[in-house]
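Report on the structure given below.
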Amino acid sequence: MLKIYNTLTKQIEEFKPIKPGHVGMYSCGPTVYNLPHIGNYRAFLFNDILKRSLSFLGYKVNHIMNITDVDDKTIRDSQKEGKTLKEFTEFYTKEFNRELELLHILPPTQEVLATDHIQEMIDMIELLKAKGFAYEGEDGSTYFSISKFKEYGALSGVDLEKSNQTLSRIVSDEYDKDNPQDFALWKTWTSEDGENYWDGSLGRGRPGWHIECSAMSTKYLGNHFDIHTGGIDLTFPHHENEIAQSVCAHGEPFVNFWLHNEHILINGEKMSKSKGNQFTLFDIIQKGYDPLDLRYFVLGAHYRTKINLTWESLDAARNARIKLTRFVQDTEQTGEVIEKYVENFKEALEHDLNTSEALAVIWEMIKDSTFSKEDKKETLLVLDSVLGFGFSKISKISLPEEIKNLIQKRDEARVQKDFGTSDEIRAKLESLGYDVLDTQEGTKVYKN
């Protein structure tokens, strides 16, 4: 029985899909105006673990993720670089998807572009206007009237009544996190937009950010679906606005379960450009880490807790991942699945996707001397369908003759207690990209 925390109800609930055995899931994707930083990737890693867990637990998942390829930032920065919006956003979309592969994040069932769904957005806005929930401002833009939706604030806790006397309109996509305002559904064209506009029944202009996700999620998953995910910072205003638009347009519940992941901190502080502590995945790789080290680090904490990334904590994640990798490499055959540990792993997932507990189950199994290495490896390969480290693709490395000869010479030097020569050969092997371990079973060499 899967139980997950629902931001809408502020409690852990038993998950019951609308259609038994099937899950409709929507995730807010990136705004493609720059490379995501590693804090952004926590959301996409969480989406991946959630989807893998649901599949592991027997559900068929229809996962939709959007790409925001038109908004204030994409237009602003594409113009700075002298590129068309399409040229600019296609580059960053490709880079984003390349980095998802490096992190072993499975692609969604469908990745959908905002610019491919402008008419669906216009149709939804027209429906909101017809029902009296949207109006045209003096500037020609169309706004959503949040005072018309009495449940506004249920997700985020923003108090609409306390704000009623200061309600105003805002055309910007992002605004004060504590100040509810009538937000733009359709922005009338201005000279700053350049060639980035669409003509239609709402006049020349472009969509606001919030309407994009409502229009795309309901097109592919229906007006009422199971799960919506995103980073905790999207709760207000973005997700609150999505609920308002969708419920008012269609007159029925929008999403049953809202799941939000917490932030990654850097040395105890939230990432920001002003503090100079924003790191991209490329930055991590440049420092000698494998992207899967970041994956292990994120899995090591519950998704609803802030996690503090330091180079020491990333070192620890790397060491743990390498140990598991080497266990797989060193065990040539597979055996039988250990059901006890599969059940314990499953229970950890069913307890609000507790990946740190799930990893603890893995390590308990590795250390359990009552089972063979072969059985442990088989079980680990099964559980890796959720962990996502790709252990099934790991094979015992084939060493070049040069490396084998160096290992033999080093072993001979150690037998003769010539530790100076032994250390020189170790340094030579490490310079060639190999780690050397002296174990009770003999010398083991791994490609690093």
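The values are calculated or read from the model by the stated rules, or taken from the named source; none is laboratory data. Note that the coordinates shown come from a computational prediction; the quantities given were computed from them, not determined experimentally. For neighbour counting, all protein chains shown are included, and Cβ atoms are generated from backbone atoms with ideal geometry for every residue, glycine included.
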Considering only residues of segment 401-439 that are within 41 Å of the chain's Cα centre (by Cα) and of a type in the set (S, T, N, Q), which is nearest to L324 (Cα to Cα)?
T439
Within the group A134, A130, which residue is buried (at least 22 other Cβ atoms within 10 Å of the Cβ) and small (G, A, S)?
A134
Can you report the number of residues in segment 408-443 which are part of a strand (DSSP E or B) and on the phi > 0 side of the Ramachandran plot?
1
Does segment 215-238 hold any residues that are more than 13 Å from Q119 (Cα to Cα) and assigned to a helix (DSSP H, G or I), and which are they?
S217, T218, Y220, L221, I232, D233, L234, T235, F236, P237, H238
Restricted to segment 182-214, and to residues that are out of contact with any strand residue (DSSP E or B) (no Cβ under 8 Å at 6 or more places or on another chain) and outside any helix (DSSP H, G or I), which residue is surrounded by the fewest Cβ atoms within 10 Å (Cβ to Cβ)?
E195
Just for segment 1-21: of the residues that are without any contact (Cβ under 8 Å) to a residue 60 or more places away in the chain and not basic (K, R), which one is nearest to S156 (Cα to Cα)?
T9
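For segment 272-390, please list each of the helices (runs of 4 or more DSSP H) lying entirely inside it that holds at least 1 residues being in contact with a helix residue (DSSP H, G or I) (Cβ under 6 Å, 6 or more places away or on another chain) and free of Cβ contacts under 8 Å to residues at least 40 places away in the same chain.
Per the criteria, 291-299, 311-330, 339-350, 355-367, 373-387.
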Please work out which residue is nearest to the chain's Cα centre (by Cα), limiting yourself to segment 318-354 and to residues that are farther than 22 Å from F56 by Cβ and surrounded by 15 or more Cβ atoms within 10 Å (Cβ to Cβ).
R318
When you scan segment 58-78, do you find a residue that is assigned by TED's automatic domain parsing to the domain that holds A215, crowded, with 19+ Cβ neighbours inside 10 Å, of a type in the set (G, A, S) and in contact with an Asp or Glu (Cβ under 9 Å, 6 or more places away or on another chain), even just one?
yes
For residues in segment 358-412 being of a type in the set (S, T, Y) and surrounded by fewer than 20 Cβ atoms within 10 Å (Cβ to Cβ), which is farthest from D330 (Cα to Cα)?
S385
Closer than 25 Å to K306 by Cα, under 16 Å from the mean Cα position of the chain (by Cα) and without any contact (Cβ under 8 Å) to a residue 24 or more places away in the chain: does that describe E101?
yes
Where a residue in segment 76-92 is among the aliphatic types (A, V, I, L, M) and its partner, wherever it lies, is surrounded by 14 or more Cβ atoms within 10 Å (Cβ to Cβ) and in a helix (DSSP H, G or I), with Cβ under 8 Å and at least six apart:
L85/T74; L85/I75; L85/S78; L85/T115
Residue hits (segment 215-235; buried (at least 19 other Cβ atoms within 10 Å of the Cβ) and hydrophobic (A, V, I, L, M, F, W, C)) are A215, M216, L221, F225, I227, L234
